[in-house]
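Below is one structure, written out as structure tokens; the observations come after it.
The values are calculated or read from the model by the stated rules, or taken from the named source; none is laboratory data. As the structure is a computational prediction, the values presented were derived from the model and not from experiment. Here the Cβ is made from the backbone with ideal geometry for all residues, glycine too, and neighbour counts use every protein chain on show.
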Amino acid sequence: MPKILCVTAHPDDEVVAFGGTVAGYSSQGVACRLVCLTSGEAARNRGGAASAAELQGMRRDELAASCRLLGFTEYEAWDFPDAHLPEVAFYSTAGRIVKVIREWKPDLLLTLGPEGSATGHPDHGMAGMLATAAFHWAAHDRYFPELKLTSHQAARLYYATTAFQPPEFPRVCLPHPDLAIDTAEFLELKIEAFAAHRTQNPLLARVTPYLRRAGSGELFHLACGVPLPEGKLDDLFAGMMV
């Protein structure tokens, strides 16, 4: 069974970055797994939570509901500090992702670009940098031999990207799109999955028009790995034997 591993920073990133893509591939029998590095406890919208710990629990439950809708076969929210992800110990944090890669052996790794994606969020950028390091380090025995796991080279590393940024966010240099996945049939499902993050429902009025404007496709930049065949720009697995 082909496998896609997704690495994000916060609960709800999975919807905006590649929710339609995951829904499409999972419906075709591709196993999709999500690693979310934080539990989103620093969110401005608190959903009535009385503490950060309570909000963490609420957001993990919301993430589970979203992931079930989108078709993730496995999903987890880790406990790295929300809003402070750039401050974590880089090597050991990447090592946790390396462990997942070596154990689960994905064909593809999807994450956010180092620029922080459309929002320019530092946590998004750090998630992308950690996932990028893990993509490379998981393939070499010299890194993390203490894990006692066989090295694994995923075939491709993709950054989710967009053709535009909402005007309220700082300008960043977005990765050039190399490939577009047709996700038109999953647009309403994406909106439903975002709404499953109930603590963040005050953002629905802002996020929904953004999702509708993106409309029929999700864009990806091929950061590393097996080159895409010429003219085949609508399949993450194009040209691969899986």
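If you scan segment 66-75, which residues turn out to be of a type outside the set (Ser, Thr, Tyr) and either touching a Gly at 6+ places or on another chain (Cβ under 6 Å) or crowded, with 16+ Cβ neighbours inside 10 Å (or both)? Show your work before the answer.
Step one: of segment 66-75, the residues of a type outside the set (Ser, Thr, Tyr) are 67-72, 74.
Within segment 66-75, Cys67, Leu69, Leu70, Gly71, Phe72 qualify.
Would you mind stating whether Val242 is closer than 28 Å to Arg60 by Cα and of a type in the set (A, V, I, L, M, F, W, C)?
Values: closer than 28 Å to Arg60 by Cα: no; of a type in the set (A, V, I, L, M, F, W, C): yes.
Criteria not met by Val242.
Hey, does segment 191-199 have a residue that's of a type outside the set (Phe, Trp, Tyr), surrounded by fewer than 16 Cβ atoms within 10 Å (Cβ to Cβ), at pLDDT below 95 and over 17 Å from the mean Cα position of the chain (by Cα)? Talk me through it step by step, then tell me what you get.
As a first pass, look at segment 191-199 and keep what is of a type outside the set (Phe, Trp, Tyr): 191-193, 195-199.
Retained after the next criterion (residues that are surrounded by fewer than 16 Cβ atoms within 10 Å (Cβ to Cβ)): 198.
So of that shortlist, the ones also at pLDDT below 95 come out as none.
Looking through segment 191-199, none of the residues is of a type outside the set (Phe, Trp, Tyr), surrounded by fewer than 16 Cβ atoms within 10 Å (Cβ to Cβ), at pLDDT below 95 and over 17 Å from the mean Cα position of the chain (by Cα).
In segment 99-146, which residue that is in contact with a strand residue (DSSP E or B) (Cβ under 8 Å, 6 or more places away or on another chain) and of a type in the set (D, E, K, R) is nearest to Val30 (Cα to Cα)?
Asp107
Arg59 versus (1) farther than 17 Å from Glu185 by Cα; (2) surrounded by fewer than 24 Cβ atoms within 10 Å (Cβ to Cβ): which is the lone unmet condition?
Here Arg59 clears every test but (2).
Do you know which residues across segment 92-102 are of a type outside the set (A, V, I, L, M) and surrounded by 13 or more Cβ atoms within 10 Å (Cβ to Cβ)? Please lay out each step first, then the result.
Taking segment 92-102 and keeping what is of a type outside the set (A, V, I, L, M), we get 92-93, 95-96, 99, 102.
Correct list: Thr93, Gly95, Arg96, Lys99, Arg102.
Identify, please: which residue in segment 217-242 is in a loop (DSSP other than H, G, I, E, B) and within 19 Å of the chain's Cα centre (by Cα) and is, among those, surrounded by the fewest Cβ atoms within 10 Å (Cβ to Cβ)?
First, the residues of segment 217-242 that are in a loop (DSSP other than H, G, I, E, B): 226-242.
Next, only the ones that are within 19 Å of the chain's Cα centre (by Cα) stay: 234-237.
Details: Asp234: 11, Asp235: 14, Leu236: 23, Phe237: 18.
Per the criteria, the residue is Asp234.
Could you please give the count of residues in segment 182-216 that are without any contact (Cβ under 8 Å) to a residue 40 or more places away in the chain, assigned to a helix (DSSP H, G or I), in contact with a Leu (Cβ under 9 Å, 6 or more places away or on another chain) and farther than 19 Å from His10 by Cβ?
Residues meeting the conditions: 1.
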